Amino acid sequence: MSLLITDCRQPHRCSSLLLFEMSTPSKKRKVLTIDVKLQILADVDKKAMTKKEIAAKYDIPHNSLSTLLKNRD
């Protein structure tokens with residue numbers, strides 16, 4: 001979203017200033033070690049928790065968990 005401010009106190013010198021709303025900073029990327037990834041995969045294999053609960057436990061987005069499972073070798 002942006003906001004246009006116009007200053008026309010002097011018609012022959014009308015100037016405009018375009019202000020942009022600052023977006024919220026994105027969340028910092030979280031690097032998962034191999035050990036943590038293996039623990040996540042072990043938790044998924046146990047089926048003691050849902051994938052949503054596992055993602056919350058490790059503080060990762062559920063789509064990151066899905067990508068980890070998709071790329072599993």
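Each value in this text was obtained by applying a stated rule to the coordinates, not by laboratory testing. Remember, it's a predicted structure, so these values are computed and weren't measured experimentally. Note: ideal-geometry Cβ built from the backbone for every residue, glycine included; neighbour counts use all protein chains shown.
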- [ ] Determine, for 36, 44, 31, the number of other Cβ atoms within 10 Å of each Cβ, and report the residues in order from fewest to most.
- [x] 31, 36, 44
TODO: Taking the Cβ of residue 53 as the centre, find all other residues whose Cβ is under 14 Å away and add up their charges (Lys, Arg: +1; Asp, Glu: -1).
DONE: +3
- [ ] Could you sort 63-69, 46-52 so that the peptide with the highest average Cβ count within 10 Å comes first and the rest follow in order?
- [x] 63-69, 46-52
- [ ] Using the charge dipole of region 25-73 (Lys, Arg: +1 at Cβ; Asp, Glu: -1 at Cβ; taken about the Cα centre), state which of 64, 33, 48 has its Cα farthest towards the positive end.
- [x] 64
